[in-house]
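Scroll down for the structure; my scribbles are underneath it.
The values are calculated or read from the model by the stated rules, or taken from the named source; none is laboratory data. Please read these numbers as outputs of a predicted model, since none were measured by experiment. We place every Cβ from the backbone using ideal geometry, glycine too, and count neighbours over all the protein chains shown. The area values use the complete protein model at the heavy-atom level, side chains included, leaving out ligands, DNA and RNA. Shrake-Rupley method; radii C 1.70, N 1.55, O 1.52, S 1.80 Å.
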Amino acid sequence: MVKIPRGTQDILPGTVEKWQYIEEKAKELCQRFQYQEIRTPIFEHAELFLRGVGDTTDIVQKEMYVFKDRGERDLALRPEGTAAVVRAFVEHKMFGYANQPVKLFYTGPMFRYERPQAGRYRQFVQFGVEALGSEDPAIDAEVIGLAMNLYETLGLKKVKLVINSLGDSESRSAHREALVAHFQPRIGEFCADCQNRLEKNPLRILDCKKDRHHELMNTAPSIIDYLNSESTLYFGKVQQYLQRMNIPFTVDATLVRGLDYYNHTAFEIMSEAEGFGAITTLCGGGRYNGLVEMIDGPSTPGIGFALSIERLISALEAENIELPIKQKVDCYVVSLGDSAREYSVKLLHQLRQAGFAADKDYLNRKAKAQFKTADRINARFVAILGEDELQNGKVKVKNMENGEQVELELAQFIQQFSELSQ
Ligand code: ATP
Ligand code: MG
């Protein structure tokens with residue numbers, strides 16, 4: 001038997017409703033915050049991610065699904081959303097839109113060749129937003145607020161927001177020099193990736209999973225000490241806004257996003273729920289004022305975040321939160337006898353055309369089995385059509401919540417059923 005590929009999952013009825021609920025809430029929130037949906041392709045030119053994610057990152061070096069198509073083009077399944085959104089922003093000249101900043105959101109599958117474990121899949125769904133065209137620290141707070149709001153809306157209590165600043169490019173290059181000076185003398189003790197990163201992007205050494213316990217990690221120069229006055233001011237403003245919005249946070253100077261064009265605000269949201277497991281990061285985001293230029297657009301500031309629905313669902317489970325998923329069957333049509341069964345096709349169709357969620361038996365089952373089904377699917381009402389009723393132009397309708405039963409006129413069924421079920 002052919003099995004599902006490693007690191008992927010089937011989301012079956014019974015579980016998919018959770019996904020739909022979360023995606024729906026995310027969409028509603030984006031509407032409230034005035035972020036509009038953008039849909040980009042599942043695959044892109046691999047080069048987009050080399051530039052947009054960076055060739056020193058794990059994502060590009062180890063995790064990307066790259067392939068040649070039949071025309072010998074180098075393509076990649078998208079490992080994340082930001083690069084593609086920025087490509088579309090540039091390609092469609094959205095920087096020229098009258099309404100700025102351009103505020104976008106996306107939801108969809110991302111692909112990374114990772115070692116599968118709890119909370120880590122090879123295909124996973126990210127929800128993310130990007131706000132392009134404003135350098136106001138208030139938009140940083142807005143983006144963070146949107147992510148926090150989603151977790152709150154879904155009922156999560158044990159989430160923690162951690163923020164940091166990477167400063168502007170002046171601050172970053174001062175910090176970079178200090179990092180190189182710090183690691184250079186003993187870089188031989190670090191992994192090959194870190195040795196490579198020293199020249200290309202020393203900030204990423206701080207993010208290394210292999211060498212994270214090396215003693216030089218703790219003593220590494222902190223970005224906070226290298227922020228120039230403008231960057232400090234910017235970071236202060238972001239914090240002030242978060243305070244005004246009553247969003248609690250902690251500052252962690254070791255939180256980094258390793259790419260050259262990341263600057264100022266960086267943030268992560270983690271779950272502190274017991275039993276959530278080793279991977280606690282639910283959401284990561286930050287400001288990327290150099291990215292649009294990197295993808296051949298005009299210099300445009302931007303900020304965004306991405307979170308995965310998989311980890312969000314794990315966090316809900318860790319906090320034992322049941323989402324209020326509504327049962328949706330308005331009416332189950334039970335028929336007794338051949339002509340009633342034939343007539344039930346019409347009745348069912350009328351219900352559906354009138355906007356009701358309805359179903360009937362298709363296996364020619366006995367009345368008892370039909371009622372059982374109605375029960376199992378939690379139908380609010382059961383319409384019972386027997387030969388006698390049919391002859392008299394009637395149909396019985398039973399309210400499954402209180403057991404009350406009434407007789408409706410077949411000729412006015414929809415109208416009467418509508419009144420009954422209000
Ligand atoms: P990690 O350090 O856990 O690998 P990351 O830095 O690679 O995370 P990002 O690229 O910032 O993650 O992606 C944003 C969010 O997407 C993460 O915070 C996480 O919630 C989710 N995510 C990332 N990789 C996966 C995956 N393989 N499976 C499920 N969710 C993921
Ligand atoms: Mg990762």
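Of everything in the stretch 112-127 that's buried (at least 16 other Cβ atoms within 10 Å of the Cβ) and either more than 22 Å from LYS18 (Cβ to Cβ) or not assigned by TED's automatic domain parsing to the domain that holds MET64 (or both), which residue is farthest from ligand 2 (Cβ to nearest atom)?
The extreme case among them is TYR113.
Those residues that are assigned to a helix (DSSP H, G or I) and open to solvent by 40 Å² or more (accessible area, probe 1.4 Å), I need them from the stretch 331-366; list them, please.
Taking the stretch 331-366 and keeping what is assigned to a helix (DSSP H, G or I), we get 338-353.
Hits for the stretch 331-366 are ASP338, SER339, ARG341, GLU342, TYR343, VAL345, LYS346, HIS349, GLN350, ARG352, GLN353.
Answer yes or no as to whether TYR97 is free of Cβ contacts under 8 Å to residues at least 60 places away in the same chain, more than 11 Å from ligand 1 (Cβ to nearest atom), surrounded by 15 or more Cβ atoms within 10 Å (Cβ to Cβ) and among the hydroxyl-bearing types (Ser, Thr, Tyr). Full working, then the answer.
Values: free of Cβ contacts under 8 Å to residues at least 60 places away in the same chain: yes; more than 11 Å from ligand 1 (Cβ to nearest atom): yes; surrounded by 15 or more Cβ atoms within 10 Å (Cβ to Cβ): no; among the hydroxyl-bearing types (Ser, Thr, Tyr): yes.
For TYR97, the condition - free of Cβ contacts under 8 Å to residues at least 60 places away in the same chain, more than 11 Å from ligand 1 (Cβ to nearest atom), surrounded by 15 or more Cβ atoms within 10 Å (Cβ to Cβ) and among the hydroxyl-bearing types (Ser, Thr, Tyr) - is not met.
What residue, among those in the stretch 247-294 that are hydroxyl-bearing (Ser, Thr, Tyr) and within 26 Å of ASN320 (Cα to Cα), is least open to solvent (accessible area, probe 1.4 Å)?
Quick first cut of the stretch 247-294, residues hydroxyl-bearing (Ser, Thr, Tyr) only: 250, 254, 261-262, 265, 271, 280-281, 288.
Okay, now just the ones that are also within 26 Å of ASN320 (Cα to Cα), so 250, 271, 280-281.
On the way: THR250: 65, SER271: 6, THR280: 45, THR281: 40 Å².
Restricting to residues being hydroxyl-bearing (Ser, Thr, Tyr) and within 26 Å of ASN320 (Cα to Cα), the top hit is SER271.
Report, by residue number, each residue of the stretch 157-175 that is open to solvent by less than 10 Å² (accessible area, probe 1.4 Å) and either in contact (Cβ under 8 Å) with a residue 60 or more places away in the chain or under 17 Å from the mean Cα position of the chain (by Cα) (or both). Give the derivation first.
Going residue by residue through the stretch 157-175, those that are open to solvent by less than 10 Å² (accessible area, probe 1.4 Å) are 161-167, 171, 175.
Of everything in the stretch 157-175, those that are open to solvent by less than 10 Å² (accessible area, probe 1.4 Å) and either in contact (Cβ under 8 Å) with a residue 60 or more places away in the chain or under 17 Å from the mean Cα position of the chain (by Cα) (or both) turn out to be LEU161, VAL162, ILE163, ASN164, SER165, LEU166, GLY167, SER171.
I'd like to check something: does the stretch 75-85 contain any residue that is at positive phi and more than 9 Å from ligand 1 (Cβ to nearest atom)? Steps first, please.
Step one: list which residues in the stretch 75-85 are at positive phi, which gives none.
Within the stretch 75-85, not a single residue is at positive phi and more than 9 Å from ligand 1 (Cβ to nearest atom).
Counting just the residues of the stretch 186-210 that are part of a loop (DSSP other than H, G, I, E, B) and modelled with pLDDT under 90, which one comes out nearest to ASP55 (Cα to Cα)? It would help to see each step written out before you state the result.
Here is the first cut: in the stretch 186-210, the ones part of a loop (DSSP other than H, G, I, E, B) are 190-191, 201, 208-210.
Those still in the list that are modelled with pLDDT under 90 too: 201, 208-210.
Numbers: ASN201: 10, CYS208: 15, LYS209: 17, LYS210: 19 Å.
My answer is ASN201.
THR8 versus (1) of a type outside the set (A, V, I, L, M, F, W, C); (2) open to solvent by less than 70 Å² (accessible area, probe 1.4 Å); (3) in the same structural domain as ILE313 (by TED's automatic domain parsing): which is the lone unmet condition?
(3)
Going through the stretch 235-258 one residue at a time, which ones are within 16 Å of ligand 2 (Cβ to nearest atom) and in contact with a Ser or Thr (Cβ under 7 Å, 6 or more places away or on another chain)? Talk me through it step by step, then tell me what you get.
Of the stretch 235-258, the ones within 16 Å of ligand 2 (Cβ to nearest atom) are 255-258.
Once the filter is applied, which keeps residues that are within 16 Å of ligand 2 (Cβ to nearest atom) and in contact with a Ser or Thr (Cβ under 7 Å, 6 or more places away or on another chain), the stretch 235-258 yields only GLY258.
Restricting the search to the stretch 177-213, which residues are of a type outside the set (Asp, Glu) and in contact with a Phe, Trp or Tyr (Cβ under 9 Å, 6 or more places away or on another chain)?
Quick first cut of the stretch 177-213, residues of a type outside the set (Asp, Glu) only: 178-188, 190-192, 194-198, 200-206, 208-210, 212-213.
Once the filter is applied, which keeps residues that are of a type outside the set (Asp, Glu) and in contact with a Phe, Trp or Tyr (Cβ under 9 Å, 6 or more places away or on another chain), the stretch 177-213 yields ALA178, PHE183, PHE190, CYS194, ARG197, LEU198, PRO202, LEU203, ILE205, CYS208, LYS210.
Please determine whether any residue of the stretch 47-64 is closer than 30 Å to GLY290 by Cα, in contact with a strand residue (DSSP E or B) (Cβ under 7 Å, 6 or more places away or on another chain), within 16 Å of ligand 1 (Cβ to nearest atom) and modelled with pLDDT of 95 or more.
yes
Do you know which of the residues in the stretch 295-327 that are of a type in the set (S, T, N, Q) and open to solvent by less than 40 Å² (accessible area, probe 1.4 Å) is farthest from VAL129 (Cα to Cα)? Quick ask: steps written out before the conclusion?
Going through the stretch 295-327, the residues of a type in the set (S, T, N, Q) turn out to be 299-300, 308, 314, 320, 327.
Checking which are open to solvent by less than 40 Å² (accessible area, probe 1.4 Å) leaves us with 300, 308, 314.
Values: THR300: 16, SER308: 12, SER314: 21 Å.
Only one residue tops the list, namely SER314.
Quick one: in the stretch 33-73, which of the residues that are touching a residue at least 40 places away in the same chain (Cβ under 8 Å) and on the phi > 0 side of the Ramachandran plot is least open to solvent (accessible area, probe 1.4 Å)?
Result: GLY54.
Would you check if GLU17 is closer than 26 Å to ALA147 by Cα, part of a helix (DSSP H, G or I) and more than 16 Å from ligand 2 (Cβ to nearest atom)?
Values: closer than 26 Å to ALA147 by Cα: yes; part of a helix (DSSP H, G or I): yes; more than 16 Å from ligand 2 (Cβ to nearest atom): yes.
So GLU17 fits the description; yes.
Of the residues VAL125, VAL90, only one is among the aliphatic types (A, V, I, L, M) and touching a strand residue (DSSP E or B) at 6+ places or on another chain (Cβ under 6 Å); which? Give the steps one after another, and end with the answer.
Details: VAL90 fails: touching a strand residue (DSSP E or B) at 6+ places or on another chain (Cβ under 6 Å).
When all the criteria are applied, what remains is VAL125.
Would you mind telling me which numbered condition in (1) outside any helix (DSSP H, G or I); (2) within 17 Å of the chain's Cα centre (by Cα); (3) within 29 Å of ALA278 (Cβ to Cβ); (4) not charged (D, E, K, R) MET148 fails?
It fails just one condition, (1).
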